[in-house]
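Encoded as structure tokens, the structure appears first; notes follow it.
The values are calculated or read from the model by the stated rules, or taken from the named source; none is laboratory data. The structure displayed is predicted, hence computed values, not measured ones. Cβ placement follows ideal geometry from the backbone for every residue including glycine, while neighbour counts extend to all protein chains displayed. Only protein heavy atoms, including side chains, enter the accessible area calculation; ligands, DNA and RNA are left aside. Shrake-Rupley method; radii C 1.70, N 1.55, O 1.52, S 1.80 Å.
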Amino acid sequence: MTATDAGTGTGTGGTTYPSHQKLLERPGHLAGTSWGLFPDAERGTPSFIQSRTIKEAASCIRTGTVFGLDYPADAFDPGMSLKRRAPRHTIYSAHPAHRDDYLDGYYLQGSTQIDGLRHRRADDVGFYNGTPDEEIREGTAALGIQVWAEQPIVGRGVLLDVDGYCRDQGTPIDHAAGQPLSLGLIQAAARAQSLTLQPGDILMLHTGWCEWFLALPAEDKNTLRDRRRATGIEQSAEFVAWVWDTQLAVLAADNFAVECLPPVAASPYHLTAPNDHGMMHQQFLAKLGLPLGELWNLGPLSRHMKAAGSWDALVTIKPLNITGATGSPANATAVT
């Protein structure tokens, strides 16, 4: 599993895309961005998925076993977010034969989620594809999550069991310390699983963080939240380049922010992403157009795949069809 080393990479539909190094050499505000490269400007990297690859992903179905990858809407209360709380569910009746219900205080990114492209603005260049700031508000459609609801993201999902690899090496991930996971570690885990990533893949990183966190007492969860410390990918320019050059359609993980918190001191994005304290979110969402999946329920799927000896599945992602939403429950499903 390697990144593209040449100047260009060929996508699933035969389209040639520049390497990340070539993206960095684009002029002016386009430097480091994928703006203008995809036929559907607002779809982002799910554009790497083509009809042929969706058909090929169906061949990943071997046992006919289905996994829902979403946790309950109220699973992370308390969670790591300083503001998001569980929604209040109300059931009411208009007459004895009728029942209806609604949610109050429903944070669309409060549990298992997919981040939309309007979730982050790059401090240095703005929203994805140069979308004006004034277009990112309630009631507008630009960069909204509805793009992936109206045409759901469907493709080959590949699970990378970083948690299992570290345990096999005798060095379990230190979730209490919020261990950063380096690109080298992720690539070593991929080699151990003999994984080869393909353009348009949905990469799912199993770290074990969600199951570890949910088993903690409430007071320990609150302590972690206050410390702002969580396991995740180590921030680096090499990781951003690898994600693009591999032509991932989606990057998802079973942790709070995909990335580690706090960002590592060596992050190259402290100056360009000061509002995010050096996180890679702005690189992924606002510059590359890459959806991020957070808090995914990957434990049962990982254990099934390990027993079956295969690490890919047909994966579907169907966000809520809310015009202009910045994110949504992922409504993700894996079929193995």
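Probe of 1.4 angstrom, ligands and nucleic acids ignored: what's the accessible area per residue over the chain, in square angstrom? The partial results should precede the final answer.
Numbers: 14090 Å² over 336 residues.
Roughly 42 Å² per residue, with all protein chains present.
Computed FRET efficiency, Cβ-Cβ of His95 and Thr140, R0 45 Å: what is it to the nearest 0.05?
The formula returns an efficiency of 0.70 here.
Give me the percent of Cα-Cα pairs in the range 21-115 that sit more than 16 Å apart, rounded to a whole number. Display every interim value, and only then the final one.
Working: 3410 of 4465 pairs.
Within the range 21-115, distances greater than 16 Å cover 76 percent of Cα pairs.
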### Query
What is the antiparallel percent of DSSP beta bridges lying wholly in the chain, to the nearest 5?
65
### Query
log₁₀ I(q)/I(0) of the chain at q = 0.10, 0.13 Å⁻¹, via Debye over equal Cα point scatterers, no solvent, to two decimals?
-0.56, -0.98
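For Cα pairs less than 8 Å apart in space and 6+ apart in sequence, what is the mean separation divided by the residue count of the chain, i.e. the relative contact order in percent? Display every interim value, and only then the final one.
Values: 764 pairs, mean separation 99.5, N = 336.
Averaging sequence separation for qualifying contacts and normalising by length gives 30 percent for the chain.
What number, in percent, do you get for the relative contact order of the range 231-319 if the mean sequence gap of Cα pairs under 8 Å and at least 6 apart is divided by its residue count? Show your work: numbers first, answer last.
Working: 104 pairs, mean separation 28.0, N = 89.
So the answer I get is 31 percent.
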### Gap separating the Cα centres of the range 58-88 and the range 200-214, nearest whole Å
11
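Beyond 18 Å, what share of the Cα-Cα pairs of the range 95-156 remains, rounded to the nearest whole percent? Please list the in-between numbers first.
On the way: 1044 of 1891 pairs.
Counting pairs separated by more than 18 Å, the tail of P(r) holds 55 percent.
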### Query
Could the peptides 103-115, 121-133, 149-161 be put in order, highest first, of the mean number of other beta-carbon atoms found within 10 Å of their residues?
149-161, 103-115, 121-133
### Summary
Counting only protein heavy atoms with a 1.4 Å probe and every protein chain in place, the carbon and sulfur fraction of the accessible surface of the chain in whole percent equals 51
